[in-house]
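Trainee: This is the structure, below, for whatever I ask next.
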Amino acid sequence: MTGKAKPKKHTAKELAAKLDAATTNRGGGKAGLADRTGKEKGGHAKLECPLCKVTAPDIKSMQIHHDARHPKIPFDDSKLNNLHSTVVADTSTSTSKPKPGVRGSLKK
């Protein structure tokens, strides 16, 4: 046990969790926006509902959405828009330098 005035030290588990939270890409912010919306190939949103244009990562999630939002219309997976097959990633090179990953500098 530590005394009242003695500061407690951080545990290795706490420090590792803090490092992981700081350096791992969680898909938020501007960096994860394209990934979440499926604007580029490889994003999370693979399928798009043909009725309301809501995106989902897989068939099961889209079926849950369809049953909840469009209960009167029968679910047909052949009518879904596959965003990965229709949108091609932009491979054009720009004049700006490449951006570093999440936290850190460019590796040379």
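The values are calculated or read from the model by the stated rules, or taken from the named source; none is laboratory data. Treat the numbers as computed from the prediction; the structure is a model and nothing was measured. Glycine also receives a Cβ, built like all others from the backbone with ideal geometry; neighbour counts cover every protein chain displayed. Note: areas computed on protein heavy atoms with side chains; ligands, DNA, RNA excluded. Shrake-Rupley method; radii C 1.70, N 1.55, O 1.52, S 1.80 Å.
Trainee: Consider K6 carefully, then state whether it is at pLDDT 70 or above and either in contact with a Phe, Trp or Tyr (Cβ under 7 Å, 6 or more places away or on another chain) or open to solvent by 70 Å² or more (accessible area, probe 1.4 Å) (or both).
Mentor: yes
Trainee: A further question follows. Looking at D58, is it modelled with pLDDT of 90 or more and open to solvent by less than 100 Å² (accessible area, probe 1.4 Å)?
Mentor: no
Quick grid of which residues meet (1) of a type outside the set (A, V, I, L, M); (2) in contact with a strand residue (DSSP E or B) (Cβ under 8 Å, 6 or more places away or on another chain); (3) modelled with pLDDT of 85 or more:
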position	(1), (2), (3)
K46	yes, yes, no
P50	yes, yes, yes
D77	yes, no, yes
S85	yes, no, no
P98	yes, no, no
